[in-house]
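Single-structure report; data block below.
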Amino acid sequence: MTMAARTGASWAFALGVTLAGAALPLAAAHAAAPAGAAQVTELPDAPGKALVEQVCATCHGVDLLVPTTRTVTQWRDTIGAMKTAGAKASDEEWKTITGYIMGNLAYLNVNKATSEEMRLVLDISDTLAQAVVAHRDGQGGFKTLDDMKKVPELDSQRVDALAARLTF
């Protein structure tokens, strides 16, 4: 059976097998959110949504994308597994899909994240992401959102908007 022909339970099984091989069981896609976090239940309206729906819907519904508590690393592994399983998109489309998923769905532990992960989830420049990590490391970690908002040039409204996906 081709990947495009897989639907419903047969696709979920194939996805589970693929993700299990990448150390990401299908159950991780629906893991509980951190305490107090509001889970996303549908794809947020943002640039790239239509492409995510188009590419992902050829094999499965968006119900495998949301709700989810996957981290940046888990999403990278999932996207890699989808490419390996035959999901079709150009390199530029994969960049758009990855940007959409990281910026709208990925959870981030702000005390463990690399500057690259900060850049992807917070949608900030490399320079600012490095400054966030340096500030965090210089003060022994962030304890609250307010600690994070003290980073010069970091948009506090953006931090507030992402609060449900930021962990400490």
Tell me the relative contact order for the stretch 109-167 as a rounded percent, counting alpha carbon contacts under 8 Å between residues six or more apart. 36
Extension reserve of the ASP146-THR114 stretch, reckoned as 0.36 nm per residue once the Cα distance is removed: 9.6 nm
Compute the length gained on full extension between ASP123 and GLU153: take 0.36 nm times their separation in residues and subtract their Cα-Cα distance, giving the result in nm to one decimal. 9.5 nm
For THR73 paired with GLU92, estimate the spin-label separation in nm (one decimal), with each label point 7 Å from Cα along the Cα-to-Cβ line. 3.3
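No lab work stands behind these numbers, since they all come straight from the coordinates. This structure is a prediction, so every number in the text was calculated from the model and none was measured. No Cβ is skipped: glycine too gets one built from the backbone with ideal geometry, and neighbour counts run over all protein chains shown.
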